[in-house]
Structure formats: structure tokens, C-alpha cells
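For reference, the structure is listed below as C-alpha cells.
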Amino acid sequence: MPDAMNAVITAVSSYLPEDKLTNEDLEKMVDTSDEWIMTRVGIKERRILNKPHEGASYLATQAVLRLLEKSGVDPLTIEGIILATNTADYHFPSTSSIVAYNTGCKNAFTFDLVSACPSWLYALETGANYIRTGRYKRLIVVATEKMSAAVDKEDRSTIPLFGDGSGAALLEASKEEGIGVQDALFRTDGVGKEHLIMLSGGSVSPATAETVARHEHFVLQDGQHVFKYAIRGMVDCCKKVMQRNGLTNEDINWVVPHQANRRIIDMVASLLNVNEKKVMINIEKYGNTSSATIPICLAEWEPQLKKGDKLILTSFGAGYTYGSVYLVWGYDGAAAQNK
């Protein structure tokens with residue numbers, strides 16, 4: 001169909017808070033060490049939002065403002081904001097509505113999308129499908145996480161893992177064939193409920209003095225169980241997406257994995273038989289920013305991305321839910337950086 005619309009990423013941006021929490025800092029807080037953290041997860045430092053009374057919407061607002069500035073797009077022309085987050089400012093109103101107000105996107109519909117760490121991939125495919133209908137031409141897909149608000153400062157097993165940050169992409173309609181969001185595959189098996197969960201604060205177990213005292217409003221994770229399923233889930237989805245699009249590992253320019261654990265990233269790359277030089281990895285600097293890791297990677301690697309580059313994006317998270325997106329890059333990143 002020559003008139004078929006597809007969704008193309010035309011700009012990316014990110015925002016990382018200035019304050020850093022290093023492994024040396026953590027050694028003073030809990031029983032851990034730089035060697036222990038680097039060996040097990042490969043994280044050296046993570047960014048932390050320390051501004052009082054600011055949450056995920058603040059991070060996303062900064063990323064979206066940067067996106068609008070660098071693209072030169074009028075915020076009034078943004079038709080929708082799909083915001084991925086697992087650390088919303090409030091149960092309601094939506095974090096996306098706050099970001100739209102803060103950035104002047106007064107004509108946009110907004111909603112939050114929550115599906116653990118793959119949330120931004122879900123949001124990207126959802127936005128692409130909005131555009132494919134022909135009804136929408138310009139959306140923002142943003143992920144934002146204040147994970148520092150969701151980890152127990154006394155838990156040595158989780159506090160080294162997570163950081164704060166936001167990444168955003170401008171998603172626009174195009175009739176050009178062969179670029180943009182090409183394919184996606186998502187799965188949810190539900191077997192991981194008890195292995196990666198926040199026990200209280202929802203409708204099953206509302207907040208009480210007792211739940212707070214039991215530290216039930218923080219991430220609870222069985223790392224070994226998550227590790228095994230993460231590798232299996234991401235590799236399986238990647239292989240299926242590549243197979244049904246006739247792609248070999250040599251065809252792929254970049255693999256963009258969720259930045260949860262360096263050992264998981266290395267195993268996924270190895271099982272896909274992809275050279276490490278073609279894998280975006282920044283976990284050492286930022287830790288796990290949950291749904292925001294992939295768009296943050298895209299923004300960091302933008303100068304190296306060329307029009308026509310074939311990317312496989314993949315993520316895994318609580319549920320368990322996991323998936324992959326096949327994306328063909330739509331512009332010369334170096335030229336965009338030099339504007």
C-alpha cells in the first residue's frame with residue numbers, strides 16, 4: 001500500500017540528574033563494596049534526583065523540553081504524549097498530564113503506560129499504531145523513572161541497582177518505506193509475580209503504618225530467578241522478531257538491551273551472536289533506570305546512528321513481561337547533533 005503510514009523516530013533526548021550515587025557512597029550506607037557490585041551487576045554509579053518535592057514528572061519534563069528545543073517543534077503541534085513509568089508522581093492525576101502542562105503541549109492527549117521495565121517499548125509500539133491509523137502525525141513517547149523513591153535504602157541487594165532518569169523520542173508519521181518501527185513482539189507469562197514485586201501501596205494492600213514499618217513499599221526482588229528468565233525471554237523475542245523479518249546477526253547494526261545487569265546484557269549479546277561493539281551499554285554510569293534505559297541509550301548513541309541502521313530493542317521486567325522491537329533508524333544522528 002503506497003499510502004500506508006508508518007511511525008519514525010525523528011528526534012531523541014534524555015535527562016539525567018546531576019547528583020551521583022557512587023559505589024563508594026554505598027559502602028558507607030550498607031554492607032557492600034565496589035568489587036561486589038561491579039562483579040555482579042557492572043554498575044559503578046547511578047544518578048539520583050535529590051530535588052525536594054520533585055518526582056518522575058520533573059525528569060520527563062526536562063527530557064521533553066530538550067526534545068522540543070532540539071527538534072524545533074512547536075509544542076502545540078504535539079498530538080499525544082504516551083508516558084512510560086513505574087514510579088508515577090501520584091496514583092492520579094497521570095504523570096503524563098503533568099508533563100504536558102509543564103511543556104506547553106496543550107493540544108495533546110496523554111496517558112501513562114505501566115508494564116514494568118519494557119514499558120517504553122510498549123509505549124513505542126502503541127504510539128506507532130496510533131500513527132498507522134492515519135489519524136495522528138506527531139507524538140512524544142517518553143519514559144521516566146525516579147527509582148530512588150522505590151528502593152529500600154537499607155537493602156544491600158537492591159539499592160545498588162537502580163538510578164533515576166528520563167528518555168524521550170519524537171515519533172512522526174512518514175510514507176517513506178523501510179524506515180521507522182517495523183515490528184514488535186511482546187509476551188507476558190505471569191510467572192514472576194512473587195519474584196519482582198512491590199508488596200504494598202496498591203489496592204490489595206493499601207498503605208498502613210504496619211506496611212511502612214515492614215518496608216513493603218519498596219522493590220522486592222529475587223535476583224537469581226529474574227536473571228534466568230530475563231535472558232531466556234529477551235533472547236527468544238529477539239530471535240523471533242529477527243527470523244520473521246529475515247534478519248541475521250550480521251544485518252543488525254545495533255542491539256539496544258534493557259540496562260538491568262551487565263551479565264544479562266553480555267549473555268543476551270552472546271546468545272544472539274552479536275559483537276559487543278554493536279551493543280549499547282551504559283549501565284556502568286547510570287544503573288537500571290527501569291523503563292527509561294532504552295531511550296536514554298538511544299539519546300547517548302544518537303551521534304553514531306545513521307539513517308537505515310537496523311536496531312533490535314529488547315527489555316524484560318516484572319510480571320514477567322518481555323519483548324523486542326525492530327526499528328530502522330530514520331535520520332543521520334550526527335547531523336542532528338550539529339544543528
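The values are calculated or read from the model by the stated rules, or taken from the named source; none is laboratory data. The shown structure was predicted, so the numbers you read here are calculated from the model rather than taken from an experiment. Every residue, glycine among them, receives a Cβ derived from its backbone with ideal geometry; neighbour counts consider all protein chains shown. Protein only, heavy atoms only, side chains kept; ligands, DNA and RNA dropped before computing areas. Shrake-Rupley method; radii C 1.70, N 1.55, O 1.52, S 1.80 Å.
Structure notes:
- Candidate set from the range 207-221 (those that are of a type in the set (A, V, I, L, M, F, W, C) and outside any helix (DSSP H, G or I)); member that is least open to solvent (accessible area, probe 1.4 Å): Val219
- Contact annotation: residue pairs with Cβ atoms under 8 Å, 6 or more positions apart or on different chains, pairing a residue in the range 236-261 that is farther than 25 Å from Val41 by Cβ and at pLDDT 95 or above with a partner that is open to solvent by less than 60 Å² (accessible area, probe 1.4 Å) and among the hydroxyl-bearing types (Ser, Thr, Tyr), are Lys240/Ser324; Val241/Ser324; Val241/Tyr326; Met242/Tyr326; Asn245/Tyr326; Leu247/Tyr326.
- Filter pass, Gly323 being modelled with pLDDT of 95 or more, closer than 28 Å to Leu113 by Cα and in contact with a helix residue (DSSP H, G or I) (Cβ under 6 Å, 6 or more places away or on another chain): yes
- From the options Val191, Val204, residue that is in contact (Cβ under 8 Å) with a residue 40 or more places away in the chain, over 23 Å from Asp309 (Cβ atoms) and in a loop (DSSP other than H, G, I, E, B): Val191
Yes/no matrix, rows are residues, columns are (1) in contact (Cβ under 8 Å) with a residue 60 or more places away in the chain; (2) among the acidic types (Asp, Glu); (3) open to solvent by 10 Å² or more (accessible area, probe 1.4 Å):
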| site | (1), (2), (3) |
| --- | --- |
| Leu121 | yes, no, no |
| Gly127 | yes, no, no |
| Leu139 | yes, no, no |
| Thr144 | yes, no, no |
| Asp152 | yes, yes, yes |
| Arg156 | yes, no, yes |
| Phe162 | yes, no, yes |
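- Where helices (runs of 4 or more DSSP H) fall entirely within the range 222-339, those with at least 1 residues that are basic (Lys, Arg) are at 223-244, 262-271, 283-286.
- Scanning the range 222-245 for residues that are open to solvent by less than 60 Å² (accessible area, probe 1.4 Å) and of a type outside the set (A, V, I, L, M, F, W, C), we see that the one that is farthest from the chain's Cα centre (by Cα) is Asn245.
- Test: residue in the range 307-315 that is among the small types (Gly, Ala, Ser) and within 29 Å of Phe218 (Cβ to Cβ): yes
- Taking the range 103-119 as the range and being open to solvent by 40 Å² or more (accessible area, probe 1.4 Å) and more than 26 Å from Cys237 (Cα to Cα) as the test, the residues that pass are Lys106, Asn107, Phe109, Thr110, Phe111.
- Candidates Gly104, Gly80, filtered to the one that is at positive phi and touching a residue at least 24 places away in the same chain (Cβ under 8 Å): Gly104
- Test: residue in the range 6-19 that is in contact with an Asp or Glu (Cβ under 7 Å, 6 or more places away or on another chain), under 24 Å from Val219 (Cβ atoms) and assigned to a helix (DSSP H, G or I): no
- Selected residue [part of a helix (DSSP H, G or I) and surrounded by 14 or more Cβ atoms within 10 Å (Cβ to Cβ)] from Leu76, Leu59: Leu59
- Pairs with Cβ under 6 Å, 6+ apart, first in the range 310-330 and farther than 14 Å from Val255 by Cα, second modelled with pLDDT under 95 and not in a strand (DSSP E or B): none
- Hits in the range 56-111 (condition: basic (Lys, Arg) and within 23 Å of Pro17 (Cβ to Cβ)): Arg66, Lys70
- Subset of the range 1-29 (residues that are open to solvent by less than 20 Å² (accessible area, probe 1.4 Å) and not polar (S, T, N, Q)): Ala7, Val8, Ile9, Ala11, Val12, Pro17, Leu26
- Test result for Asn282, in contact with a Lys or Arg (Cβ under 6 Å, 6 or more places away or on another chain) and either open to solvent by 40 Å² or more (accessible area, probe 1.4 Å) or under 24 Å from Ile9 (Cα atoms) (or both): no
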